[in-house]
Amino acid sequence: MSRPVLLLVALLGAGCEERPGPPPPPPQDSGANRPSVAIVPAEERAEGRGYPDRVSAGLGRVVRGDVEVCIDHAGHTGGQCIVQISVRNRSKDKPLAFTNWTKPGHATLKDDEGRAYPLIPISAERERLVREWEQGHPDPGFGTGSGSVTRERPRVASLWFDPAALGGLYLDLDLEGAPVGFTDPIRFRLSGEMMATIAPGSP
């Protein structure tokens with residue numbers, strides 16, 4: 001089991017939070033109109049801009065300049081829905097100030113029937129679990145949440161959504177670009193294959 005997955009499993013032990021009110025709907029879909037039919041390792045995924053056309057989360061990663069954004073894992077267990085994202089920096093000399101997606105308007109999931117599900121902000125309990133996990137893994141090789149992203153040290157963001165989003169053929173994820181220094185938004189499509197059940201203790 002990879003280290004980011006271990007963090008994901010630890011976070012899945014926390015309970016669900018209340019859903020905030022919905023933000024304005026995301027932009028209309030364009031491109032990537034079919035679910036992906038395969039998932040490949042993150043390092044082997046094709047590079048794309050992720051705007052205006054969507055990048056298939058199982059087959060591609062968003063790369064603009066030196067910044068790379070990739071969906072590592074997505075799934076559900078115990079009535080919870082989570083998407084784990086990694087942010088990498090290809091520059092040897094210039095750190096990236098990653099501010100994370102933390103507010104309901106920063107990220108939205110939309111199912112294949114057009115229903116939108118806003119981001120659920122991280123609770124104090126989940127924040128505590130992250131800090132405890134970090135204490136037990138003093139050098140996991142990546143940072144969690146907002147902070148500096150260097151070539152040697154990517155950062156991982158865990159985004160939570162209403163589990164009602166699950167069950168469709170695919171989910172479209174719209175992320176604000178500003179947290180990683182982009183002017184345009186970041187747009188992924190998560191196929192049913194990506195939204196596999198993740199349970200504590202699974203490989």
From the phi of every residue in the stretch 47-52, what ³J(HN,Hα) in whole Hz does the Karplus formula 6.51 cos²θ - 1.76 cosθ + 1.60 yield, where θ is phi - 60° and glycine or proline is x? 9, x, 7, x, 5, x
Between the stretch 59-87 and the stretch 142-172, what is the C-alpha centre distance in whole Å? 5
Taking N as its residue count, the alpha carbon Rg of the stretch 60-196 over 2.2 N^0.38 Å: 1.04
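Express as a percent, rounded to the nearest 5, the fraction of DSSP beta bridges in the stretch 60-196 (both residues included) that run antiparallel. Before the final figure, lay out the partial values.
Details: 39 of 43 bridges.
About 90 percent, rounded to the nearest 5.
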For the stretch 60-196, which whole percent of the accessible surface, found with a 1.4 angstrom probe, sits on carbon and sulfur atoms? 50
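Could you sort GLU113, GLU47 by accessible area so the largest value comes first, with the probe set to 1.4 Å? Don't skip to the end; give the middle numbers.
On the way: GLU113 130, GLU47 110 Å².
Highest to lowest solvent-accessible surface, that is GLU113, GLU47.
The values are calculated or read from the model by the stated rules, or taken from the named source; none is laboratory data. Bear in mind the structure is a predicted one, so any value in this text is a computation, not a measurement. All accessible areas refer to the heavy atoms of the entire protein, side chains included, with ligands and DNA or RNA removed. Shrake-Rupley method; radii C 1.70, N 1.55, O 1.52, S 1.80 Å.
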